[in-house]
Amino acid sequence: MYLIETENNVGFLTASYIKNRVKSFVSTKNKPYFVLALPTGGTAIDLYKYLVKFCQEGLSFDKVVTFNLDEYAGLPENHPESYHSFMAKNLFDHIKISKEQINILNGNASNLETECKNYEEKIKNYGGIDLFIGGIGQNGHIAFNEPGSAFDSKTHVADLTSNTIAANARFFDGDISQVPTRALTMGLGTIMTAKEVIIMATGAKKSHALYHAFEDKQNTNWPITVLQKHPRTFIVADKAAAAEISKTTKQNCGLCSFIN
Ligand code: GLP
């Protein structure tokens, strides 16, 4: 797990990384598509702003398929705060990509377990995730893998913690009772199979989670720690988010080949 502490814009750096990977991808018969896993959340808004800009400047998503990390259970797809709506508003409505290339879990499927199983299978059929982009919750969650989630979990239905519900209430007029209590999410085991992982973290609210990511031993109370054993994970953090990480860790984490 590598720390990329930056004074630059975290979304810009991450969008640049995606651009380079998509541009250098060579489509073959066996592996026709670059598989990109995409997050939602406040931190991701900047990322998409730059990705849209890159696409307007000529970046092509013709050979890309996307899989969103998660979706609320039971929230209508056209609800303004569904992750379907978030993705349309921030990315898909502004770039050239067909419906067939976009995959988002259906939180209103008649059988949620089957929906999760099929999603996992579909990722596998595309040859697995090439690049996973995520954010991080204040409690160290990735996608909707809350504290206590099994490190080998696959796509599943998850109960949200009160901490996450409270944090996400800002998107629901600050009203906790409007926030769904369950979600469908890729599992930590799904994420661990990705070839590369980028976790974006901005602001002081994320500093404690990043402290655990780098200074704690692996434990399921802090889901982010699963990535300590992933061979190519980059945590891209601004100064405020990286504030609780020790100097020693920062010295050992210097890695400059990130963008290329
Ligand atoms: C939600 C999402 C996560 C995201 C997290 C942090 O709970 N399910 O994927 O990483 O929020 O979001 P934000 O960037 O708004 O802090």
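Close amide-amide hydrogen proximity is noted between Leu3 and Ile235, each under 5 Å apart and 5 or more residues distant or on a separate chain (H modeled in the peptide plane; Pro and chain starts excluded). Of the beta bridges in the stretch 119-249, as assigned by DSSP with both residues counted there, near 35 percent are antiparallel.
Among the trypsin sites (Lys or Arg not before Pro) in the stretch 11-46, those placed in a DSSP loop whose Cβ has at most 10 other Cβ atoms within 10 Å are Lys29. Modelled spin-label separation between Tyr126 and Asp173, with each label point placed 7 Å from Cα along the Cα-to-Cβ direction: 3.5 nm. Annotation: lysines with alpha-carbon distance below 16 angstrom to Lys247 (same-chain offsets under eight excluded): Lys239. Considering only beta bridges that DSSP places wholly inside the stretch 3-159, some 10 percent are antiparallel. Taking amide H positions as modeled 1.01 Å from N, with prolines and chain starts lacking one, the residues under 5 Å from Phe132 and 5 or more places away or on another chain are Ala37, Glu196, Val197, Ile198.
Cβ crowding within 10 Å, taken as a proxy for footprinting-reagent exposure, orders Leu91, Leu51 from fewest neighbours to most as Leu91, Leu51.
Amide H contacts under 5 Å for Arg182: Ala73, Leu160, restricted to partners 5 or more places along the chain or on a different chain, H placed in the peptide plane at 1.01 Å from N.
If you average the alpha carbon positions of the stretch 98-149 and of the stretch 75-90, how far apart do those two centres end up, in angstrom? Distance between centres, Cα-based: 15 Å. Would you work out which of Gly74, Phe214, Gln56 lies farthest towards the positive end of the dipole of the stretch 2-253? Charges go on Cβ: Lys and Arg +1, Asp and Glu -1. Result: Gln56, furthest along the dipole toward the positive end.
3J(HN,Hα) along the stretch 163-173: 4, 5, 4, 5, 5, 8, 4, 4, 7, 10, 6 Hz, from the Karplus curve 6.51 cos²θ - 1.76 cosθ + 1.60 with θ = phi - 60°, whole Hz, x for Gly and Pro. Overall, the chain carries a charge dipole of about 880 debye about its Cα centre when +1 sits on the Cβ of Lys and Arg and -1 on the Cβ of Asp and Glu, all other atoms neutral.
Dipole orientation for the chain: of the candidates Leu131, Ala166, Pro180, Leu131 has the Cα lying most toward the positive pole (charges on Cβ; Lys, Arg +1; Asp, Glu -1). Among 107-119, 4-16, sorting by the average number of other beta carbon atoms lying within 10 angstrom of each residue, highest first, gives 4-16, 107-119. Taking 20 Å as the straight-line reach from the Cα of Lys250, the aspartates and glutamates in range (excluding those fewer than 8 positions away in the same chain) are Glu5, Glu7, Glu215, Asp216, Asp238. Derived scalar couplings between HN and Hα for the stretch 72-85 equal 5, 8, x, 8, x, 4, 8, 5, x, 9, 5, 6, 4, 5 Hz in order, rounded to whole Hz, by the Karplus curve 6.51 cos²θ - 1.76 cosθ + 1.60 (θ = phi - 60°), x for Gly and Pro. When the Cα gyration tensor is reduced to axis lengths a ≥ b ≥ c, the ratio a/c stays below 1.5 for the stretch 2-253, which is therefore classed as rounded.
Taking 21 Å as the straight-line reach from the Cα of Lys122, the lysines in range (excluding those fewer than 8 positions away in the same chain) are Lys29, Lys31, Lys63, Lys99, Lys154, Lys195.
Taking the Cβ of Val157 as the center, what net charge do the other residues with Cβ under 13 Å away carry, scoring Lys and Arg +1 and Asp and Glu -1? Here the charged neighbours net out to -4. Converting phi to 3J(HN,Hα) with the Karplus coefficients 6.51, -1.76 and 1.60 and the offset θ = phi - 60°, the stretch 188-202 yields 5, x, 4, 5, 5, 7, 5, 5, 9, 10, 10, 10, 9, 9, 10 Hz in sequence order, with x at every glycine or proline. Extending 7 Å from Cα along the Cβ direction at Ile45 and again at Arg182 yields two label points whose distance is 3.0 nm. The distance separating the Cα centre of the stretch 1-60 from that of the stretch 186-221 comes to 19 Å.
Every read-out reported here was derived from the displayed coordinates using simple, explicitly stated rules and does not represent laboratory data. If you're wondering where the values come from, they're calculated on a predicted model, not measured in any experiment. Virtual Cβ from ideal backbone geometry, glycine too; neighbours counted across all protein chains shown.
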